[in-house]
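Undergrad: This is the structure, below, for whatever I ask next.
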Amino acid sequence: MKIAMVGTGYVGLVSGICFSDFGHDVTCVDKDNRKITKLNNGEVPIFEPGLDTLMAKNVASGRLNFTDNLAAAVMGADAVFIAVGTPTRRGDGHADLTYVMDAAQEIADLATGYIVIVIKSTVPVGTNQQVKQALKKTNPQLEFNVASNPEFLREGAAINDFMRPDRVVIGVDSERAGQVLSDIYRPLYLRDFPLLITDLESAEMIKYAANSFLATKITFINEIATLCEKVGADIKQVSKGVGMDDRIGNKFLHAGPGYGGSCFPKDTKALARIGQEHAVPMQITETVIKVNEEVKRRMIDKILHLCDQSFNGKIIVVLGVTFKPNTDDMRDAPSLTLVPALIGGGAKVRVCDPHGQREGEELLPGVDWVKDPYKAVQNANLVVLLTEWNEFRGLDLKRIADRMQTPKMADLRNIYSSKDAKMAGFVSYDSIGRELFRASEK
């Protein structure tokens, strides 16, 4: 089938490349000429493991193309996917639908035959109906259907998530549109991956409900971790014991510095706003948003305690600033709260991240970027482990401690243990939901 993908951001680019790998003829469209030029030169503008190889394979096959010409992409397409940004709108917390509506109306102006316009962007409930009504006004003669196809891609594992999904959700209001989408996803259906076809509103709600539930699970275990520190329990053991219950499961029960990224912060705020507009307050979600911000601030207090209540003049090394490993995404990363607080307190901050510098240089002014963690910690007063990249999971802690002026560590991902730190020569080690180690206290 012929597919046009409008938007070459994270979702659009990954989806377009993967659809072409299914055997479809895919044209990815973006108004950013520089991005299109890079893509046509074989450069992938985001870091996602394996995406460059898959893109090159399908470009070589002739199934994948990139252009800034929307008209050429729409001509003859069976379906046009809209995968543009829906950032949180300033002032009210709602999703900004400007890019979605603009793209849909441009498509309606250009389309000539029957077409399915698929909203892949995360949008509030009712948006697909809103788009449908707008398109009828824009081009009353156009034969079309609007469909909802929310994405569930985890950054760092997006290709696997697309090729081996837990489920594919399709919202439609006609059998014809449902058949087009079913044909597009047929390769997955033949592999027995579940395809759930719903109405438009249910598909829209599934996305928000899923992300808000996962954010709730993360926030819950972070609160339990704080209580563990007070009562002397170990959050890793608690999480393991809780996760062994099949009704709960062990995923998203890892305590840390709070959730971030492109989805959870934006989608929880949008769901809370949707609830307010319909006089059904999403009280759990609203609390999750509040507690998640408190978790980030609590991390600052934890680091301040290790620095004897003053950042001034301290050399602090932060290992990892992206919101999670295997991505260069900095959106709503805990580092954007933590690092400015360190600098504002008078600390000299060095940052080490395998792929975070490209975005991080603009977002974190005033830090020194160092590629080697062992060079970064030279004469440092504290090392903060903030993102659990594989490169930081097997550090030689003794080598780290020996290079530091005052060997102290804030392990905000619970990768190591107080025993590991003590044996390596650290004088202080703190983590999440576990006992604080200080040499002077032993």
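Undergrad: With respect to ALA104, determine if the residue is assigned to a helix (DSSP H, G or I) and buried (at least 23 other Cβ atoms within 10 Å of the Cβ).
TA: So ALA104 passes the test.
Undergrad: Check THR327, THR285 and return the single one that is within 21 Å of ILE218 (Cβ to Cβ), under 26 Å from the mean Cα position of the chain (by Cα), modelled with pLDDT of 95 or more and hydroxyl-bearing (Ser, Thr, Tyr).
TA: Details: THR327 fails: modelled with pLDDT of 95 or more.
The conditions single out THR285.
Undergrad: Check THR86, THR127, THR122, THR98 and return the single one that is modelled with pLDDT under 90 and either among the β-branched types (Val, Ile, Thr) or closer than 17 Å to SER15 by Cβ (or both).
TA: THR86
Undergrad: Please pick out the residue among GLY232, GLY243 that is touching a residue at least 12 places away in the same chain (Cβ under 8 Å) and either of a type in the set (D, E, K, R) or out of contact with any helix residue (DSSP H, G or I) (no Cβ under 8 Å at 6 or more places or on another chain) (or both).
TA: Details: GLY243 fails: touching a residue at least 12 places away in the same chain (Cβ under 8 Å).
Testing whether each residue is touching a residue at least 12 places away in the same chain (Cβ under 8 Å) and either of a type in the set (D, E, K, R) or out of contact with any helix residue (DSSP H, G or I) (no Cβ under 8 Å at 6 or more places or on another chain) (or both) leaves just GLY232.
Undergrad: While we're on this one: Just one of the numbered conditions (1) out of contact with any helix residue (DSSP H, G or I) (no Cβ under 8 Å at 6 or more places or on another chain); (2) assigned to a loop (DSSP other than H, G, I, E, B); (3) closer than 30 Å to GLY356 by Cα is not true of PHE220; which one?
TA: (2) is the only condition that PHE220 fails.
Undergrad: Continuing with the same structure: Out of (1) touching a residue at least 24 places away in the same chain (Cβ under 8 Å); (2) surrounded by 15 or more Cβ atoms within 10 Å (Cβ to Cβ), the odd one out for VAL59 is which?
TA: With respect to (1) touching a residue at least 24 places away in the same chain (Cβ under 8 Å); (2) surrounded by 15 or more Cβ atoms within 10 Å (Cβ to Cβ), VAL59 is out only on (1).
Undergrad: Give me the pairs, please: first residue somewhere in the stretch 260-284 and on the phi > 0 side of the Ramachandran plot, second residue anywhere and not in a helix (DSSP H, G or I), beta-carbon distance under 8 Å, and either six or more positions apart or on two chains.
TA: GLY261/GLU155; GLY261/PHE323; GLY261/LYS324; GLY261/ASP329; GLY261/ARG331; GLY261/ASP332; GLY261/ALA333
Undergrad: Here is a further query. Quick one: what pairs do we get from the stretch 183-204, first residue in contact (Cβ under 8 Å) with a residue 60 or more places away in the chain and farther than 21 Å from ILE3 by Cα, second open to solvent by 50 Å² or more (accessible area, probe 1.4 Å) and among the polar types (S, T, N, Q), C-beta under 9 Å, 6+ apart or different chains?
TA: Note: pairs meeting the criteria are GLU201/GLN129.
Undergrad: Here is a further query. Looking at this structure, is MET409 within 23 Å of ASP301 (Cα to Cα) and of a type in the set (A, V, I, L, M, F, W, C)?
TA: Numbers: within 23 Å of ASP301 (Cα to Cα): yes; of a type in the set (A, V, I, L, M, F, W, C): yes.
The answer is yes for MET409.
Undergrad: Consider only pairs whose beta carbons are under 6 Å apart and that are at least six residues apart or on different chains; among these, list those whose first residue lies in the stretch 1-19 and is closer than 19 Å to GLY76 by Cα and whose second residue is among the hydroxyl-bearing types (Ser, Thr, Tyr).
TA: As it stands, the answer is ALA4/THR27, since those pairs meet every condition given.
Undergrad: Is it true that some residue in the stretch 28-35 is at positive phi and over 22 Å from the mean Cα position of the chain (by Cα)?
TA: Step one: filter the stretch 28-35 for residues at positive phi, giving none.
No, there is no match, as no residue in the stretch 28-35 is at positive phi and over 22 Å from the mean Cα position of the chain (by Cα).
Undergrad: Related question: Can you list residue pairs whose Cβ atoms sit under 8 Å apart, with the first residue in the stretch 304-324 being of a type in the set (Gly, Ala, Ser) and the second being open to solvent by 50 Å² or more (accessible area, probe 1.4 Å)? Count only pairs 6 or more apart in sequence or on different chains.
TA: GLY313/LYS348
Undergrad: Within the stretch 226-247, can you find the residues that are in a helix (DSSP H, G or I), among the charged types (D, E, K, R) and over 25 Å from GLU293 (Cβ atoms)?
TA: Applying the first criterion (in a helix (DSSP H, G or I)) to the stretch 226-247 yields 226-231, 235-243.
Next, from what is left, pick out any that are among the charged types (D, E, K, R): 229-230, 236, 240.
Across the stretch 226-247, the qualifying residue is only LYS240.
Undergrad: So VAL318 ticks every box in (1) farther than 20 Å from ALA401 by Cβ; (2) surrounded by 24 or more Cβ atoms within 10 Å (Cβ to Cβ) but one. Which box is left unticked?
TA: With (1) farther than 20 Å from ALA401 by Cβ; (2) surrounded by 24 or more Cβ atoms within 10 Å (Cβ to Cβ) applied to VAL318, the lone miss is (1).
Undergrad: What pairs come out if I take residues in the stretch 424-436 that are under 16 Å from ILE300 (Cα atoms) and without any contact (Cβ under 8 Å) to a residue 60 or more places away in the chain and pair them with residues that are acidic (Asp, Glu) and not in a loop (DSSP other than H, G, I, E, B) whose C-beta lies under 7 Å away, six or more apart or interchain?
TA: TYR429/ASP411; SER431/ASP411
Undergrad: Assess whether THR337 counts as being of a type in the set (Ser, Thr, Tyr), under 14 Å from VAL317 (Cα atoms) and in contact with a helix residue (DSSP H, G or I) (Cβ under 8 Å, 6 or more places away or on another chain). I'd like the intermediate steps shown before the answer.
TA: Values: of a type in the set (Ser, Thr, Tyr): yes; under 14 Å from VAL317 (Cα atoms): no; in contact with a helix residue (DSSP H, G or I) (Cβ under 8 Å, 6 or more places away or on another chain): yes.
No; evaluated as a whole, the condition is false for this residue.
Undergrad: Considering every residue within the stretch 366-381, establish whether at least one is touching a residue at least 60 places away in the same chain (Cβ under 8 Å) and within 25 Å of HIS254 (Cα to Cα).
TA: No.
Undergrad: In addition: So, in the stretch 69-88, how many residues would count as being surrounded by fewer than 15 Cβ atoms within 10 Å (Cβ to Cβ) and under 28 Å from the mean Cα position of the chain (by Cα)?
TA: So the count comes out to 1.
Undergrad: Would you check if ASP332 is touching a helix residue (DSSP H, G or I) at 6+ places or on another chain (Cβ under 6 Å), more than 20 Å from LEU306 (Cα to Cα), in contact (Cβ under 8 Å) with a residue 24 or more places away in the chain and of a type outside the set (Gly, Ala, Ser)? Spell out how you get there, then give the answer.
TA: Working: touching a helix residue (DSSP H, G or I) at 6+ places or on another chain (Cβ under 6 Å): yes; more than 20 Å from LEU306 (Cα to Cα): yes; in contact (Cβ under 8 Å) with a residue 24 or more places away in the chain: yes; of a type outside the set (Gly, Ala, Ser): yes.
The answer is yes for ASP332.
Undergrad: Within the stretch 248-302, restricting attention to residues that are assigned to a helix (DSSP H, G or I) and small (Gly, Ala, Ser), which residue is surrounded by the fewest Cβ atoms within 10 Å (Cβ to Cβ)? Break it down into steps so the answer makes sense when it comes.
TA: Initially, the stretch 248-302 is screened for residues assigned to a helix (DSSP H, G or I), giving 264-277, 283-302.
If we keep only those that are small (Gly, Ala, Ser) as well, we get 270, 272, 275.
Numbers: ALA270: 26, ALA272: 23, GLY275: 16.
Here the residue is GLY275.
Undergrad: Which residue out of PHE47, PHE66 is open to solvent by less than 70 Å² (accessible area, probe 1.4 Å) and touching a His at 6+ places or on another chain (Cβ under 7 Å)? Show your work before the answer.
TA: Working: PHE66 fails: touching a His at 6+ places or on another chain (Cβ under 7 Å).
Going through PHE47, PHE66 in turn, the sole match is PHE47.
Undergrad: Another question, if that's okay. Of the residues ALA95, ALA60, ALA56, ALA77, only one is among the hydrophobic types (A, V, I, L, M, F, W, C) and closer than 22 Å to TYR114 by Cα; which? So that I can check it myself, show each step before the final result.
TA: Details: ALA95 fails: closer than 22 Å to TYR114 by Cα; ALA60 fails: closer than 22 Å to TYR114 by Cα; ALA56 fails: closer than 22 Å to TYR114 by Cα.
Step by step, each of ALA95, ALA60, ALA56, ALA77 is checked, and only ALA77 is among the hydrophobic types (A, V, I, L, M, F, W, C) and closer than 22 Å to TYR114 by Cα.
The values are calculated or read from the model by the stated rules, or taken from the named source; none is laboratory data. Keep in mind the model is a prediction, meaning the values are calculated, not measured. Every residue, glycine as well, gets a Cβ built from its backbone with ideal geometry; the counts of neighbours run over all protein chains shown. Heavy atoms of the whole protein, side chains included, go into the accessibility calculation; ligands, DNA and RNA do not. Shrake-Rupley method; radii C 1.70, N 1.55, O 1.52, S 1.80 Å.
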